[in-house]
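What follows is one structure encoded as structure tokens, with my remarks underneath.
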Amino acid sequence: MVHRNIGALQGDGAFEPPAPVPRARPLGKLELIRTALRNPLELWGEEAHRLPHIETMFLTQRTLIINDPGLIRHVLVDNVANYEMSEVRRLILRPILRDGLLTAEGPIWKRSRKAVAPVFTPRHARGFAQQMRTVSEAFAARYEHAAASGGMVEIAGDMADLTYEILAETLFSGEIAADTKAFTDNVERLLHRMGRVDPLDLLLAPPWVPRLTRIGGARLLTNFRAIVAETMARRRRLIAEQPEAAPQDFLTLLLGLERADGLSADEIADNILTFIGAGHETTARALAWTLYLVAHAPDWRMKMEGEIDRVIADGTDPVDWLERMPHVRAAFEEAMRLYPPAPSINRAAIEEDRWIAPSGEELVIAKGVSVLVMPWTLHRHELYWEEPRRFRPERFMPEQRERLHRFQYLPFGAGPRICIGATFALQEAMIALGCLMRRFRFDVTPQTKPWPVQRLTTQPRGGMPMRVSRRLSPA
Ligand code: HEM
């Protein structure tokens with residue numbers, strides 16, 4: 001039985017949104033497995049939210065949860081060479097994403113990251129701003145009908161559609177060698193089927209032992225790869241025959257890297273699936289939680305609306321919305337604090353390691369220990385946050401944000417493997433929120449009862465049904 005805080009308005013009006021209450025006692029073995037499969041967010045005890053680090057046994061695996069920002073910096077940056085991808089991630093994600101950036105390791109990761117980095121520069125992200133706005137405006141138009149009658153919309157699913165449509169546009173400019181709907185269904189089913197934790201993963205069974213939960217996934221993967229290969233072949237022909245006609249999207253940029261010291265054709269396909277897998281649901285979850293949280297903070301929402309109205313009325317280019325909308329950005333960042341889209345960043349120690357705390361205490365990290373950097377506990381930690389469970393977006397306004405330790409807030413991770421899509425995601429979120437909140441207001445109803453559950457991302461179980469009403473006509 002998990003204790004639930006189902007979300008409540010506190011005396012001074014700050015909202016404490018729904019989340020499992022940290023456990024006072026550790027779980028027995030069977031309950032631990034059940035909870036890990038049902039919702040890992042319900043595993044963590046009260047100590048994980050109060051101590052700088054704790055060591056625990058997870059089934060047969062020694063596990064160290066690290067919260068101290070200095071220790072996190074040690075693992076993710078200073079001694080990063082001593083930490084590799086966790087076995088569970090290797091078992092779950094690697095069969096799908098292969099040598100895409102998220103799951104590549106060693107020299108292949110190094111070469112790929114170097115090759116792909118220029119594709120994700122702020123300059124390229126800015127180049128996508130107009131496409132992001134066009135897709136978001138077209139998407140918002142679909143709410144007009146429901147908004148006219150104050151109808152209900154399903155925000156969680158809708159935000160996943162919106163971010164998928166933005167990615168499909170910025171990846172391929174709509175030039176996919178298949179029916180778009182069939183392709184989208186294929187991707188959805190693939191990520192859903194293959195990205196699930198199977199009981200055998202928790203027991204660290206070798207990859208060749210078949211996972212019943214993933215049957216059918218291999219066929220979907222083959223389909224996906226065939227479509228991507230044909231899409232790449234068509235684009236290569238276009239670039240060769242009419243280079244000026246080729247859209248400046250991810251696909252053209254990635255094909256420009258196809259060479260020995262860049263990426264192979266297979267690696268380009270792996271990265272296309274990786275960008276979809278890593279970049280669509282993460283942003284979508286953060287957008288849905290933001291709309292939910294600000295619906296409980298009407299004053300803050302009005303500040304956001306005022307900001308959005310001014311920026312759009314001024315004719316500000318969408319590339320500058322991120323900078324010009326600090327209240328919108330603060331709400332989005334606070335939503336990622338409370339509901340980090342990537343709630344756990346898992347590593348394993350290759351060799352024994354030592355870390356000296358500022359107090360002089362020495363921590364020995366044994367070889368093979370699983371090291372968890374968990375934005376979920378770190379962002380709700382009693383040592384590092386005032387009123388950690390409440391929605392207080394003002395902590396991310398520029399003057400207060402400067403006071404945060406770089407390693408106490410890690411929605412995008414840190415160090416060499418920091419999210420390569422962070423700038424893209426932030427810009428996309430500002431543009432999506434700007435286009436939606438300019439036209440509509442989203443409110444909770446008694447049906448809106450999201451419960452945070454960790455799948456690959458922090459999702460709202462029960463979805464996010466919200467009432468939509470019209471604010472302003474389209475700009
Ligand atoms: C709000 C949205 C997002 C969040 C919260 C997020 C979070 C993260 C985190 C925490 C990591 C680090 C994982 C680790 O160190 O083990 C990561 C890595 C990564 N992300 Fe994101 N991400 C987001 C959006 C995106 C987007 C839009 C893309 C691409 C279009 C993307 C592509 C990647 C890739 C390729 C990696 C692997 C980088 C590497 O290992 O070199 N992400 N992301």
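The values are calculated or read from the model by the stated rules, or taken from the named source; none is laboratory data. Here the structure is a predicted model, which is why all the values come from computation and not from measurement. So basically every Cβ, Gly included, is an ideal-geometry build from the backbone, and we count neighbours across all protein chains shown. Areas reflect the complete protein model, heavy atoms only, side chains present, ligands, DNA and RNA absent. Shrake-Rupley method; radii C 1.70, N 1.55, O 1.52, S 1.80 Å.
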Extension length gain for residue 443 and residue 260 (0.36 nm per residue less Cα distance), in nm, is 60.6 nm
So, with points 7 Å from each Cα along the Cβ direction, the residue 316-residue 406 label distance in nm works out to 2.7
For segment 242-259, Karplus-derived ³J(HN,Hα) couplings (6.51, -1.76, 1.60; θ = phi - 60°; whole Hz; x for glycine and proline) come out as 9, x, 5, 8, 6, x, 8, 10, 4, 4, 4, 5, 5, 5, x, 9, 6, 6
If every Lys and Arg gets +1 and every Asp and Glu gets -1 at its Cβ, then about the Cα centre the chain yields a dipole, in debye to the nearest 20, of 840
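Given the DSSP H assignment, sum -39500 (n - 2.57) over each helix run of at least 4 residues in the chain and divide by its residue total; what's the result at 222 nm in deg cm²/dmol, nearest 500?
Values: 21 runs with 217 residues, N = 475.
Using -39500 (n - 2.57) per qualifying helix, the result is -13500 deg cm²/dmol.
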In nanometres, the difference between 0.36 nm per residue of separation and the alpha-carbon distance of residue 362 and residue 108 is 88.0 nm
Taking Cα atoms only, Rg over Rh for the chain with Rh from the Kirkwood formula is 0.95
Between residue 24 and residue 149, Cβ-based FRET efficiency (R0 41 Å, step 0.05) works out to 0.30
With 0.36 nm assigned to each residue of separation and the Cα-Cα distance removed, residue 142 to residue 81 gains 17.1 nm
Of the DSSP H helices in the chain, the ones reaching 30 Å or more along their long axis in Cα terms and averaging at least -0.5 in Kyte-Doolittle hydropathy are 217-241
Note on segment 4-470, DSSP bridge orientation, antiparallel percent to nearest 5 equals 85
Ranked output for segments 283-291, 392-400, 464-472 by mean other Cβ atoms within 10 Å, highest leading, reads 283-291, 464-472, 392-400
Taking R0 as 51 Å and r as the Cβ-Cβ distance between residue 470 and residue 351, the FRET efficiency 1/(1 + (r/R0)^6), rounded to the nearest 0.05, comes to 0.25
Two pseudo-spin positions, 7 Å from Cα along C-beta at residue 58 and at residue 181, lie apart in nanometres by 4.1
Among the Cα-Cα pairs of segment 135-182, the proportion with separation greater than 14 Å, in percent, is 59
To the nearest Å², the heavy-atom accessible area per residue of the chain with 1.4 Å probe amounts to 43
In this structure, the FRET efficiency calculated for residue 37 and residue 302 from their beta-carbon separation, with R0 = 41 Å, to the nearest 0.05, is 0.45
